[in-house]
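Undergrad: Please see the structure below; I have some questions.
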Amino acid sequence: MCIFAAMPEQIYYPFTAFNFSNRNCFLTGQTLLSEEEKIQVFPQWLMSLYGLEDKAFKLLDESMATYKDLKLPCAAHVNETYLEPLETEIASAFDIGYEAIKNLDDLKLFQWAGKLLYGIIFNEIQSGIKLQHAQGEEFNISQAIIHKFSHLHLMLQSVNLPLTFDGFKPYSIFLFRVDNNPEEFGYRDEINTLTFSLRIKDFGLIICLQDNGANRVYHKEILEKIQGEVLHPIQFEEFCGRVFYSAYLFNRLPEYNILPVGDEIFLEAMPLRGMSSKPLFDDWINKIYGQVLESFWKNWGFLLLEIIKNPEKPMSFVFNPDGSLVNGSTIELPR
């Protein structure tokens with residue numbers, strides 16, 4: 001876990017006491033005045049825009065909730081002072097689209113996506129605890145997952161505390177202009193790898209929330225070729241599949257030092273190489289990548305057998321067989 005210097009009192013560590021009750025603010029840990037002090041995990045403006053409120057949201061234990069069921073206990077003043085201004089800024093940028101998002105401070109995008117993903121994690125944990133208790137068992141969760149989730153929560157507190165990432169970014173962000181169907185809400189997450197994607201309006205956004213920028217470096221070559229292009233949705237989903245798969249192959253658990261300096265808190269990243277000489281990513285296996293693509297291309301109905309007909313060169317809508325870039329506007333598939 002983190003190496004702690006004198007621990008600043010104001011940092012809240014919910015995973016230490018495993019506190020996921022609705023009586024404490026998810027961000028600060030303070031006791032709430034009532035269990036009614038809650039915020040939506042998916043912001044109201046986003047749910048209203050795409051009519052998500054009553055749509056089904058499947059939790060990891062296979063139980064079903066609706067988007068509007070997913071809530072977080074949050075002190076009213078914490079919401080008003082820190083979260084609502086962030087939400088307003090993101091909503092305004094999303095309303096304009098790609099150009100406005102490109103000009104946003106990427107830390108704010110990280111905080112916004114981090115709050116959303118952490119909100120899902122919080123609901124998953126609550127649901128898991130209830131289920132295990134109903135079966136008379138203790139709730140179990142792997143130490144590696146706790147390690148990731150607790151660091152995400154620590155970094156989320158950059159919203160409400162003077163917390164600075166010292167000379168590094170804990171995330172990889174990928175933003176593209178995409179020729180989307182304006183009605184479509186394309187959302188996906190993988191909480192074990194803390195990876196998030198959103199494809200709406202005229203853009204597609206992917207964030208790896210806990211990789212210290214490693215996935216961005218991993219895909220550098222492809223990024224240089226497609227950055228600035230207008231992608232067809234199937235091209236965005238292909239790149240998305242690559243990033244979700246590489247996030248799964250990423251084999252480090254980043255470590256951090258917490259350095260309080262006066263009233264400020266600095267977070268310093270330990271080198272990812274650490275003591276291990278093995279590469280940061282496990283070997284890429286095209287058959288598994290093909291399975292990922294099959295899932296990401298569900299809208300277009302491509303099957304694994306077609307995708308990996310040539311196991312050495314899986315099907316691609318981003319690159320032609322000679323390696324040149326496919327122009328998204330020439331792809332004759334539904335958006």
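The values are calculated or read from the model by the stated rules, or taken from the named source; none is laboratory data. Keep in mind that this is a model prediction, so the values were computed, not measured. Glycine also receives a Cβ, built like all others from the backbone with ideal geometry; neighbour counts cover every protein chain displayed. Protein only, heavy atoms only, side chains kept; ligands, DNA and RNA dropped before computing areas. Shrake-Rupley method; radii C 1.70, N 1.55, O 1.52, S 1.80 Å.
Undergrad: Taking the inverse of the average 1/r across all pairs of different Cα atoms in segment 117-231, what Kirkwood radius in Å do you get? Walk me through the numbers before you get to the answer.
TA: Working: mean 1/r = 0.0606 Å⁻¹.
Taking the inverse mean of 1/r over all distinct Cα pairs, segment 117-231 comes out at 16.5 Å.
Undergrad: Compute the relative contact order of the chain as a whole-number percentage, counting only Cα pairs closer than 8 Å that sit 6 or more residues apart in sequence. List each step's numbers first, then the result.
TA: Values: 490 pairs, mean separation 52.8, N = 335.
It rounds to 16 percent for the chain.
Undergrad: Using only the alpha-carbon atoms, how far is helix 84-96 inclined from the longest principal axis of the chain? Give it as 0 to 90 degrees, nearest 10.
TA: 10
Undergrad: Which of the GluC sites (Glu not before Pro) found in segment 39-131 are loop residues per DSSP with 11 or fewer other Cβ atoms within 10 Å of their Cβ?
TA: Details: sites: Glu53, Glu62, Glu80, Glu87, Glu89, Glu99, Glu124; in loops: Glu53, Glu62.
The qualifying sites are Glu62.
Undergrad: Pairs to check: Lys71/Lys201; Lys220/Lys298; Lys220/Lys313; Lys68/Lys115; Lys71/Lys108. Give those whose C-alpha atoms are more than 23 Å from each other in this structure. Before the final figure, lay out the partial values.
TA: Numbers: Lys71/Lys201 25 Å; Lys220/Lys298 26 Å; Lys220/Lys313 19 Å; Lys68/Lys115 15 Å; Lys71/Lys108 21 Å.
Table pairs above 23 Å Cα-Cα are Lys71/Lys201; Lys220/Lys298.
Undergrad: Are there GluC sites (Glu not before Pro) in segment 280-335 that DSSP puts in a loop and that have at most 13 other Cβ atoms within 10 Å, and which ones?
TA: Working: sites: Glu294, Glu306, Glu312, Glu332; in loops: Glu312, Glu332.
Those that pass, being in a loop and sparsely packed, are Glu312, Glu332.
Undergrad: Can I ask one more? Pick out, in residue order, every one of the GluC sites (Glu not before Pro) in segment 181-215 that is DSSP loop and has at most 11 other C-beta atoms within 10 Å; say none if there are none. If you can, show how the numbers build up before the last one.
TA: Numbers: sites: Glu183, Glu184, Glu190; in loops: Glu183, Glu184.
Passing sites in segment 181-215 are Glu183.
Undergrad: From the backbone phi of segment 300-309, what are the Karplus-calculated ³J(HN,Hα) couplings (6.51 cos²θ - 1.76 cosθ + 1.60, θ = phi - 60°) in whole Hz, Gly and Pro given as x?
TA: Here the 3J(HN,Hα) series is 9, x, 6, 9, 3, 4, 5, 4, 10, 3 Hz.
Undergrad: Sticking with this structure for a sec: Residues of the chain: accessible area per residue at 1.4 Å, in Å²? If you can, show how the numbers build up before the last one.
TA: Details: 16160 Å² over 335 residues.
So the chain comes to 48 Å² accessible per residue, rounded to a whole number.
Undergrad: Any idea what angle helix 286-296 forms with the longest principal axis of the chain, computed on alpha-carbon atoms, 0 to 90 degrees, nearest 10?
TA: Orientation of helix 286-296: about 80 degrees from the principal axis.
Undergrad: Next question. Angle, helix 106-134 long axis vs. longest principal axis of the chain, Cα atoms, 0 to 90°, nearest 10?
TA: It is inclined by approximately 70 degrees.
Undergrad: Heavy atoms only, probe 1.4 Å: what % of the accessible area of the chain goes to carbon and sulfur, would you let me know? List each step's numbers first, then the result.
TA: On the way: 8470 of 16160 Å².
Exposed carbon and sulfur together represent 52 percent of the surface.
Undergrad: Next up: Based on alpha-carbon centroids, what's the gap between segment 47-108 and segment 180-203 in Å, whole number please?
TA: Cα centroid to Cα centroid, the span is 12 Å.
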